[in-house]
Amino acid sequence: MIAALVGRGLAAGWRGLAIAAAAVAAMLALGLGVYSRIDLGIYATLPEAVRALIGIPPHAAPAMLAYSEMLASVGALAFVGVAIAIGAQAVAGEEQDRTLALLLAAPVSRLRYLGARALALVLLLCAGGALLWAVAELAPRLMGVAIGEARVSALIVHLTATALFHAALALALGAATGRKSLAAGVTTAVMVLGWLASSLLPLWRTGAADWVPWYWGNGSTPLVNGIDGAHLALLLGGALLLLVLGALAFRTRELRLAHGSGGVIARIRAVPMLARVFAPTGRGSSPFALRLASQQVLLGYVTVIVLLLGLVLPLVYRPLSSAIGGLAASFPAAIAALFGGGDLTTPAGFLHLETFGMMAPAAVIVVGVAAASAGIAGEERQRRMSLLLAHPLSRVRVYGTVAAVVGVSVAIVGLALFGGSWIGIAIAGLDIPVPHLAAACALLVLLGWWFGALALLCSAASGRTSTAVWLPTGIALASYFGTTLLMASGSAGTAWWSPFHAYLDGPPLATGASGWGPFAWLGIGIAVLAAAGVPLFARRDLRISE
């Protein structure tokens, strides 16, 4: 029975890890090709603080920069994000799918079940780390690029330990509460805020980020300095402690039989202008209200995170501006391009680098893809779609309802970021015009709709949640990496094919909208992707199982 539970855990998570590893591998190869043509001698002339921030020593090989970006930064966020999804699914996901009670009805205790899923989690993440290590070692050899003094194995060990810590946190929260969205949302917030804190707090004061888990993973720059035993012990010891605490809570907790509530929807109905849209029908709540209510936990977490980012970072810029000082003036444009462009010497460039360049796109893509995949493929996976279609509802109406929920969810996140940033900028007195902020947020919403439409198309065509989630995620990673690497190499114009090129061009927060071209590119793509899914869903047989 234990072997079967471990196998179930392995089967539930290998696809996401494989897709994430494939996307990082492809972009690592592209990064090695791009940076092999860049003269890194410029880094030898930079101030020591700048070199420490970038993590590139003097006279480094080009591979060092590609590893620092693809594996230690954005690649790490992707890998840890997948680990969080696997950890949240291990207990809370099974409970939400109402399969946990059936599994526990077999001759297996709760502690043995949790131990089996934790073992599967460790095996998956270690295998994912080994796959990333193999790719990182083989890619430069196949391309004939020297890796110099890069300590790839140390970086992979730290990255795997970071993934284990965050996955253990998600598993423990899910085991203690039975709420998958809460486990994933809280842990994602820990990851995102940790990533920001580990990059900003050291600028304020040396050692200020020593308590941040993300800093334990990359703060000692293992790519350059090798394994840090103390940080590794904190990550692995913390993961073990979290699993123990989760097991103690799970051991005596009652399983949840119902999930979700209409609390948020009830409050929305109290608003006169929205009451008609969300009004209950003779058969219960409207399909739109039900679908939006099913996304309210994830949407709530993401909305709060982007609202706080928008509000706090403008206030942080003032006290940090003096510390940034010469660092901003000497910060290489190629490095800034890797994070979506921007210029640390200006408030708009700082906010773009810290929020709008990478974190905000990730937020709207997560919300859009989650709403699109859950609305069709998720309902089929739960075997509820046939019951829904037994009512007088056409498939076209169901598809349109899901598309409307995607649109509203992404728009809420965009409005939250606009409102928080507007207030923060006003309080801090930063020189960022409101039209520029509005243009940046409008393009951000369109970007979220674009990937939401892609996920809706995948969901409608396949009926598989794995396809609807991981395929758009892989395309998002590839298009982001492709765009930023081409920007770093001075070939931004060749990235016209990427939706991120339309979003990042400028960047809009600093320069405003560069005409109607980016809006048209994203808008046409949204319309084509959304329309293509209608006939595919209308003519496809429903799936009986995942």
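The values are calculated or read from the model by the stated rules, or taken from the named source; none is laboratory data. Remember, predicted model here, so these are calculated numbers, not experimental data. So basically every Cβ, Gly included, is an ideal-geometry build from the backbone, and we count neighbours across all protein chains shown.
Listed here are the residues, each with its yes/no results for (1) under 19 Å from A66 (Cβ atoms); (2) in contact (Cβ under 8 Å) with a residue 40 or more places away in the chain; (3) assigned by TED's automatic domain parsing to the domain that holds A12; (4) touching a Ser or Thr at 6+ places or on another chain (Cβ under 7 Å).
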residue: L111; (1), (2), (3), (4): no, yes, yes, no
residue: A139; (1), (2), (3), (4): yes, yes, yes, no
residue: G144; (1), (2), (3), (4): yes, no, yes, no
residue: A150; (1), (2), (3), (4): yes, yes, yes, no
residue: S153; (1), (2), (3), (4): yes, no, yes, no
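Yes/no per residue for (1) modelled with pLDDT of 80 or more; (2) hydrophobic (A, V, I, L, M, F, W, C); (3) surrounded by 18 or more Cβ atoms within 10 Å (Cβ to Cβ); (4) farther than 19 Å from R205 by Cα:
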{"position": "L290", "(1), (2), (3), (4)": "no, yes, no, yes"}
{"position": "G300", "(1), (2), (3), (4)": "yes, no, no, yes"}
{"position": "L308", "(1), (2), (3), (4)": "yes, yes, no, yes"}
{"position": "L313", "(1), (2), (3), (4)": "yes, yes, yes, no"}
{"position": "G325", "(1), (2), (3), (4)": "no, no, no, no"}
{"position": "I335", "(1), (2), (3), (4)": "no, yes, yes, yes"}
{"position": "F339", "(1), (2), (3), (4)": "no, yes, yes, yes"}
{"position": "A348", "(1), (2), (3), (4)": "yes, yes, yes, yes"}
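Exactly one residue out of T252, T162, T187 is polar (S, T, N, Q) and either without any contact (Cβ under 8 Å) to a residue 60 or more places away in the chain or surrounded by fewer than 18 Cβ atoms within 10 Å (Cβ to Cβ) (or both): that is T252. Please tell me if A411 is closer than 26 Å to G515 by Cα, modelled with pLDDT of 90 or more, surrounded by fewer than 22 Cβ atoms within 10 Å (Cβ to Cβ) and in contact with a helix residue (DSSP H, G or I) (Cβ under 6 Å, 6 or more places away or on another chain). In short, yes.
Every residue, every condition in (1) in contact with a His (Cβ under 6 Å, 6 or more places away or on another chain); (2) under 26 Å from H436 (Cβ atoms); (3) at pLDDT below 90, yes or no:
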| position | (1), (2), (3) |
| --- | --- |
| A488 | no, yes, yes |
| W497 | no, yes, yes |
| L504 | no, yes, yes |
| W516 | no, yes, yes |
| I524 | no, yes, no |
| V534 | no, no, no |
| R543 | no, no, yes |
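In this structure, A460 does not qualify as in contact with a Lys or Arg (Cβ under 9 Å, 6 or more places away or on another chain), modelled with pLDDT under 90, surrounded by 19 or more Cβ atoms within 10 Å (Cβ to Cβ) and not assigned by TED's automatic domain parsing to the domain that holds M191. Taking the criterion of being aliphatic (A, V, I, L, M) and under 22 Å from the mean Cα position of the chain (by Cα), the only residue of region 210-234 that qualifies is V212.
Are there any helices (runs of 4 or more DSSP H) wholly within region 429-546 with 1 or more residues that are within 22 Å of the chain's Cα centre (by Cα) and closer than 23 Å to G75 by Cα, and if so which?
Of the helices (runs of 4 or more DSSP H) lying wholly inside region 429-546, those with at least 1 residues that are within 22 Å of the chain's Cα centre (by Cα) and closer than 23 Å to G75 by Cα span 434-462, 465-488, 499-504.
Being within 14 Å of G9 (Cβ to Cβ) and in a helix (DSSP H, G or I), is that true of even one residue in region 127-144? Among the residues of region 127-144, at least one is within 14 Å of G9 (Cβ to Cβ) and in a helix (DSSP H, G or I), which makes the answer yes.
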